[in-house]
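The structure appears below as structure tokens.
The values are calculated or read from the model by the stated rules, or taken from the named source; none is laboratory data. Since the structure is predicted, the reported quantities are computational estimates derived from the model, not experimental observations. So basically every Cβ, Gly included, is an ideal-geometry build from the backbone, and we count neighbours across all protein chains shown.
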């Protein structure tokens, strides 16, 4: 009897460990159930909010749209090149993400400038050079203020106009987006530990089965 | 019981060691530890936890020669910011460091911290010296 209980415990423990192996990331943002009729049957599906299409210009003066990120996992953040407060520490941490995945063509980092008037393509290119980034892994994006502030809302990030001291207020979040353009995680970009978790989560996301085609 | 005796002797030794410190050493320690907190609050985001800077964007604070050669200008850099091209560790940097609202005593403390951390070893930069330096800011 005793042996049986022991064996049961081991089996239960083993199976619970096994299910933990497959870590999964949550899907963030608004969701709504959609009911449709497929083959005469009523099916209810959950529709998650996704990042809508956009159009920005990167540090190479290339046009970047939502299409440029099709089938790619990416991380987004908001910054400006003359930012004296949290941006340097954010991009010091983001460099670790860049170094980890820079040879992966299905991964991107996009950094939106919230000071597009000053951060022209030339200024962004110079910043990229000084930061030591090259190639197409990490795009620094310039767009109109309206576009940038609008898309920040989709990433659940808050950015504001200059305050009376002439400073921009923005939070230092890194947003993880999956291949279907759904939000999968937010991380404090100023905290090295959270950025280490981001790198781990990107690996989990990469291992997720591909479901890009909708049934 | 034995551990209590050891503890008492240990405490006595520590007390002795502290009372043996010269006044200069005590002042240095005071500046240094306060400077560390000021560094974390005002400098670390850009210059890094270990004064390592950020690639070619923000210069490191580990070039002892630069700090020595510019010792009397450092206070002005902190107060009024620094613009234009500088050479640190043989590399060129041309960004801009913003002005700060640190008081002279805070400047003295944080400079003492920086010039004695990250592999740098200089003497204390005290309030008197910072006040003198600031008067001569260009």
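Can you confirm whether residue B:121 is at pLDDT 95 or above and over 16 Å from residue B:34 (Cβ atoms)? First the steps, then the outcome.
On the way: at pLDDT 95 or above: yes; over 16 Å from residue B:34 (Cβ atoms): yes.
Judged against the criteria, residue B:121 is a match.
Being within 14 Å of another protein chain (Cβ to nearest Cβ), surrounded by fewer than 19 Cβ atoms within 10 Å (Cβ to Cβ) and not in a strand (DSSP E or B) is the filter here; which residues of the range B:78-108 pass it?
Within the range B:78-108, B:81, B:85, B:94, B:98, B:99, B:100, B:101 meet the criteria.
Please go through the range B:44-54 and give me each residue that is more than 14 Å from residue A:86 (Cβ to Cβ) and facing chain A (nearest Cβ under 10 Å), ordered by number.
B:49, B:52, B:53
If you take the residues of the range B:19-43 that are surrounded by 15 or more Cβ atoms within 10 Å (Cβ to Cβ) and either within 14 Å of another protein chain (Cβ to nearest Cβ) or over 15 Å from the mean Cα position of the chain (by Cα) (or both), which of them is farthest from residue A:80 (Cα to Cα)?
So, considering only residues that are surrounded by 15 or more Cβ atoms within 10 Å (Cβ to Cβ) and either within 14 Å of another protein chain (Cβ to nearest Cβ) or over 15 Å from the mean Cα position of the chain (by Cα) (or both), the one farthest from residue A:80 (Cα to Cα) is B:39.
Pick out the one residue from A:116, A:84, A:88 that is touching a strand residue (DSSP E or B) at 6+ places or on another chain (Cβ under 6 Å), within 12 Å of another protein chain (Cβ to nearest Cβ) and at pLDDT below 95. Before you say what the answer is, go through the steps one by one.
On the way: A:116 fails: within 12 Å of another protein chain (Cβ to nearest Cβ); A:84 fails: touching a strand residue (DSSP E or B) at 6+ places or on another chain (Cβ under 6 Å).
Unique residue meeting the criteria: A:88.
Does any residue of the range A:131-139 turn out to be surrounded by fewer than 21 Cβ atoms within 10 Å (Cβ to Cβ), touching a helix residue (DSSP H, G or I) at 6+ places or on another chain (Cβ under 7 Å) and more than 14 Å from chain B (Cβ to nearest Cβ)?
Checked against the condition, which is being surrounded by fewer than 21 Cβ atoms within 10 Å (Cβ to Cβ), touching a helix residue (DSSP H, G or I) at 6+ places or on another chain (Cβ under 7 Å) and more than 14 Å from chain B (Cβ to nearest Cβ), the range A:131-139 yields at least one hit.
Okay, residues lined up against (1) out of contact with any strand residue (DSSP E or B) (no Cβ under 9 Å at 6 or more places or on another chain); (2) over 14 Å from residue A:78 (Cβ atoms):
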{"position": "A:106", "(1), (2)": "no, yes"}
{"position": "A:110", "(1), (2)": "no, no"}
{"position": "A:122", "(1), (2)": "yes, yes"}
{"position": "A:128", "(1), (2)": "no, yes"}
{"position": "A:132", "(1), (2)": "yes, yes"}
